[in-house]
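Computed from the coordinates by the stated procedures, all read-outs in this text should not be read as laboratory data. As the structure is a prediction and not an experimental result, all values here were calculated from the model. Note that we place each Cβ from the backbone using ideal geometry, even for glycine, and neighbour counts take in every protein chain shown.
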Amino acid sequence: MISLKTKLCTLLNIEHPIIQAGMAGGATTPELIANVSNAGGLGTLGAAYMKPEDIKKAIHDIRKLTAKPFSVNLFCVENSDKPGDEEKNIVKNELLRIGRDLGVSELDIKFNAADYFDEQFQVLIDEKVPIISTAFGLLPEEKVKQAKENGIIITSMITTVEEAILAEENGVDIIIVQGSDAGGHRGTFDLSKHKNGADVGTFSLVPQVADNVKIPVVAAGGANDGRSLAAALALGASGVQIGTRFLSSEEAGIHKAYKQKLFDSKEDDTVITKVFSGRPARGILNTFIEEFSMDPLPYPYQNTATKSIRGAAAKNDDGEYMSLWAGQNLRPVVKEQGAAEIIEEIMDGARKILE
């Protein structure tokens, strides 16, 4: 019999083998994180785009709401070479064309590449967060050492067996196995081989990773109910990481138009695109993705440039120009629920199968 009290639960000091994904961009409010953790899962702050002082405030706000463990997610990615003026002007003109009816002006479009990673990481050390989560790569050796010295657990997202082995060798404690069906940004380390991220489905990748590493693995992508949790455990995972289902929660900090798109969409409505950020991410197909016809700039320049469109779309309640990150398992996502209710429902479903 497969137990729902897994190695993941023991290592993270949580009751249920469920991690809420660290979705950057404001979705992971302190209320969502705290309610997931209070319900026995692991809440995660998506802090990649946050300034260090804002991360510190969010951590304090989370701790006012829960005494349970939580995680903070950062992006481990080197900024690309700065694009030239001609490349930037091509993208700027395209954004002005698409954003004309949204009121986007030339002054709204920025091409920033601010890198706060060292300062962000130092906040996590200073605040002694229990768990650090990484995407797009691994912590540098000196930062792994610093985290370990402070008793911090490290989790990292991977998309291939090779990346999983590298993560284990790097000192990662828990591997998040992100399949190609997962929503949002793809965790592939090196895009030179896989231009749109490694294209391996979650439930193909999980057993292959589990067979090649000794540390706990967590399935991410397509997991949003008791059946998928049970399936992940049967394939060798020690738990699941869930993003899309928690985006539908009452506590999620996403726009109402975005949330409605989740409820109205189905499994074949998502695509992998680089047009919002410059890195491959899975989201619901909308007008912006269809209309942006140029090669996007590399991350983070494309991401900061399209903030103008995304911000204007939010003001206009127009989901057709927002980044609607979502995984492929969308049909079950049909209503708002509290985060604690979501966890309870998932665990009840898994128990009926496994116990």
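Go through the range 284-296 residue by residue and turn each phi into a ³J(HN,Hα) via Karplus (6.51, -1.76, 1.60, θ = phi - 60°); whole Hz please, and just put x for glycine and proline.
6, 4, 9, 4, 4, 4, 5, 8, 6, 9, 9, 5, x
How high is the relative contact order of the range 222-331, given as a whole-number percent (alpha carbon pairs under 8 Å, six or more residues apart)?
31 percent
Classify the range 129-191 as rounded, prolate or oblate, taking a ≥ b ≥ c as the square roots of the eigenvalues of its Cα gyration tensor: rounded when a/c is under 1.5, otherwise prolate if a/b is larger than b/c and oblate if not.
In terms of gyration-tensor shape, prolate.
About its Cα centre, what dipole magnitude does the chain give when the only charges are +1 on Lys and Arg Cβ and -1 on Asp and Glu Cβ, stated in debye to the nearest 20?
Value, rounded to 20: 500 debye.
Across the range 226-240, in residue order, what do the Karplus-derived ³J(HN,Hα) couplings come to in whole Hz, using 6.51 cos²θ - 1.76 cosθ + 1.60 with θ = phi - 60° and x for Gly and Pro?
Along the range 226-240, the couplings run x, 5, 6, 5, 4, 5, 4, 5, 5, 8, x, 6, 9, x, 10 Hz.
With the convex hull built on the Cα atoms of the range 292-354, state its orientation-averaged projected area in nm².
Averaging across all directions leaves 7.2 nm² for the Cα convex hull.
How high is the relative contact order of the range 1-133, in percent, counting Cα pairs under 8 Å that sit 6 or more residues apart?
24 percent
Any idea how far the Cα center of the range 104-123 sits from the one of the range 227-259, in Å?
Centre-to-centre (Cα) distance: 28 Å.
List the pairs from Lys5/Lys261; Lys266/Lys307; Lys51/Lys259 whose alpha-carbon separation is above 31 Å, in the order I gave them.
In this structure, Lys5/Lys261 exceed 31 Å between Cα atoms.
Which order do peptides 151-158, 81-88, 229-236 fall in by mean Cβ count within 10 Å, highest first?
151-158, 229-236, 81-88
Which of the aspartates and glutamates could be linked to Lys57 by a straight reach, that is with a Cα gap under 15 Å, when you skip same-chain ones fewer than 8 residues away?
Glu31, Glu119, Asp126, Glu127
Could you give the length gained on full extension between Arg351 and Ser204, defined as 0.36 nm per residue of separation minus the Cα-Cα distance, in nm?
50.6 nm
What whole number of Å gives the distance from the Cα centroid of the range 134-174 to the Cα centroid of the range 296-313?
Using only Cα atoms to place each centre, the spacing works out to 29 Å.
In nm, what is the difference between 0.36 nm times the number of residues separating Arg331 and Glu344 and their Cα-Cα distance?
Gain on stretching Arg331 to Glu344: 2.8 nm.
Could you give me the ³J(HN,Hα) list for the range 241-249, computed from phi with Karplus coefficients 6.51, -1.76, 1.60 and θ = phi - 60°, whole Hz, x at Gly and Pro?
10, 10, x, 4, 4, 6, 5, 7, 6
Relative to the longest principal axis of the chain, what angle (0 to 90°, nearest 10) does the C-alpha long axis of helix 52-65 take?
So the helix axis and the longest Cα principal axis differ by about 40 degrees.
Using R₀ = 41 Å, calculate the FRET efficiency as 1/(1 + (r/R₀)^6) where r is the Cβ-Cβ separation of Asn38 and Lys195; round to 0.05.
For Asn38 and Lys195, the calculated efficiency is 0.50.
If I fit a long axis through the Cα atoms of helix 117-126 and take the longest principal axis of the Cα atoms of the chain, what angle between them do I get, 0 to 90°, rounded to 10?
For helix 117-126, the angle is close to 30 degrees.
First obtain the Kirkwood hydrodynamic radius of the chain from its Cα pairs, then insert it into the Stokes-Einstein equation at 25 °C and 0.890 mPa s, and state the resulting D in µm² per second as a whole number.
Rounded to a whole number, D works out at 121 µm²/s.
Please work out how much length the chain gains when fully extended from Ile90 to Glu141, using 0.36 nm per residue of separation minus the C-alpha to C-alpha distance, in nm with one decimal.
14.5 nm
Provide the FRET efficiency to the nearest 0.05 for the Asp101-Glu78 pair, computing r from the beta carbons and using R0 = 45 Å.
0.80
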